[in-house]
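The values are calculated or read from the model by the stated rules, or taken from the named source; none is laboratory data. Predicted model, so just to flag it, every value in this text is computed and none were measured. Note that we place each Cβ from the backbone using ideal geometry, even for glycine, and neighbour counts take in every protein chain shown. Areas reflect the complete protein model, heavy atoms only, side chains present, ligands, DNA and RNA absent. Shrake-Rupley method; radii C 1.70, N 1.55, O 1.52, S 1.80 Å.
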Amino acid sequence: MNITEFIVLGFGNVGQWQSLLFFVFLVIYIVATAGNVLIVTLVAVDQHLHTPMYFFLGNLSCLETFYISNIVPKMMAGLLTDKNTISFRNCFVQFFFFSSLMATECYLLSAMSYDRYLAICKPLHYTKSMTTRICIQLAASSWISSLIAGVFLLSVMLQLTFCGPNEIDHYFCDTYPIMKLSCSDISFVELISFILAFAFTLPPFLLTLTSYIYIISTILKIPSTIGRKKAFSTCSSHLIMVSLFYGTIMIVYGLPKRKILSDVNKIFSFLYTVLNPLANPFIYSLRNNEVKDAIKRLSRKLMSPKNY
């Protein structure tokens, strides 16, 4: 008989730490969501942020909001019950959004790195090369292609048969933990999953890496220290996010799929599914004067007498 629900093992039996972990995840979720929504709002309403760099940042913050909302609320709900279950349908819905959003993030980060490459290495051609139309096309292609790939992978995964066991050794419905529970042949699904993962991670990673090689090379050629510092400050926040994202997913998906390493896998998965969305607004706001100025302008506008 096919199973109708999965048991999500999460981080194991946390016992007396259950209430504390719920509170911690609740704070993380509220702060991360509020921070990313704030950035999306600033980019939308502040004319000073209507530039390609902030257009892509707005897309990234929107994505991070969806990303963390897809995983953390269910994880918190599991902490309130003794048996963290998720229905077959909801598990695959979570899997679809997770895989699609991760693929989208890879290409959005590469689009952001390409934008910084043009701004720093080709400043005279920047306005013509990075028009509003091109920005929209880059962002739209990132979202649409990833959603199509997600639908395709989901349709392949749904061809698998699940007849037990039904315990997912993870804190959300990820690809391999689900496939491991199938009682049918998973070789074709593994091949499709590998091809899609290859197509949606390696090309954008190489583009991002190449862009930053040229960026750093150009910055080092700037004669003045002030000039180098100013040029590097425009891309340092993005470089930090890229390093966090790719560093963690390489560890997660590069580790051997062994039971003994499952806890390590969960920890590093937690970094890019939960802590990255939390870090995103802080890294871009605390290190960016334009965003901080936009926050001040929005605050003054909201606090002005005409709003009362």
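For the range 67-81, which residues satisfy the criterion of being surrounded by fewer than 16 Cβ atoms within 10 Å (Cβ to Cβ) and either touching a residue at least 12 places away in the same chain (Cβ under 8 Å) or not β-branched (Val, Ile, Thr) (or both)?
73, 77, 80
Quick one: residue 31 ticks every box in (1) without any contact (Cβ under 8 Å) to a residue 60 or more places away in the chain; (2) surrounded by fewer than 21 Cβ atoms within 10 Å (Cβ to Cβ); (3) assigned to a helix (DSSP H, G or I) except a single one, so which number is it?
(1)
Please go through the range 217-234 and give me each residue that is in a helix (DSSP H, G or I), exposed (fewer than 15 other Cβ atoms within 10 Å of the Cβ) and free of Cβ contacts under 8 Å to residues at least 40 places away in the same chain, ordered by number.
Those that are in a helix (DSSP H, G or I), exposed (fewer than 15 other Cβ atoms within 10 Å of the Cβ) and free of Cβ contacts under 8 Å to residues at least 40 places away in the same chain: 217, 220, 225, 226, 227, 229, 230.
Determine if the range 70-91 includes at least one residue that is farther than 17 Å from residue 154 by Cα and under 12 Å from the mean Cα position of the chain (by Cα).
yes
Could we say that residue 96 is among the hydrophobic types (A, V, I, L, M, F, W, C), more than 30 Å from residue 231 (Cα to Cα), open to solvent by 10 Å² or more (accessible area, probe 1.4 Å) and touching a Ser or Thr at 6+ places or on another chain (Cβ under 9 Å) here?
When the stated conditions are applied, residue 96 does not pass them.
Residue by residue through the range 42-53, note down the ones that are touching a residue at least 40 places away in the same chain (Cβ under 8 Å) and surrounded by 15 or more Cβ atoms within 10 Å (Cβ to Cβ).
42, 46, 49, 52, 53
Of all the residues that make up the range 1-14, how many are open to solvent by 40 Å² or more (accessible area, probe 1.4 Å) and either in contact (Cβ under 8 Å) with a residue 24 or more places away in the chain or not polar (S, T, N, Q) (or both)?
7
Take residue 84 and decide whether it is among the polar types (S, T, N, Q), farther than 30 Å from residue 207 by Cβ and open to solvent by 50 Å² or more (accessible area, probe 1.4 Å).
Judged against the criteria, residue 84 is not a match.
Mind listing just one residue for me: the one in the range 54-66 that is among the aromatic types (Phe, Trp, Tyr) and over 25 Å from residue 78 (Cα atoms) and, of those, surrounded by the most Cβ atoms within 10 Å (Cβ to Cβ)?
Looking at the filtered set, the residue picked out is 56.
Would you be able to say whether some residue in the range 151-158 is of a type outside the set (A, V, I, L, M, F, W, C) and either closer than 25 Å to residue 205 by Cβ or touching a His at 6+ places or on another chain (Cβ under 7 Å) (or both)?
No - not one qualifying residue is present in the range 151-158.
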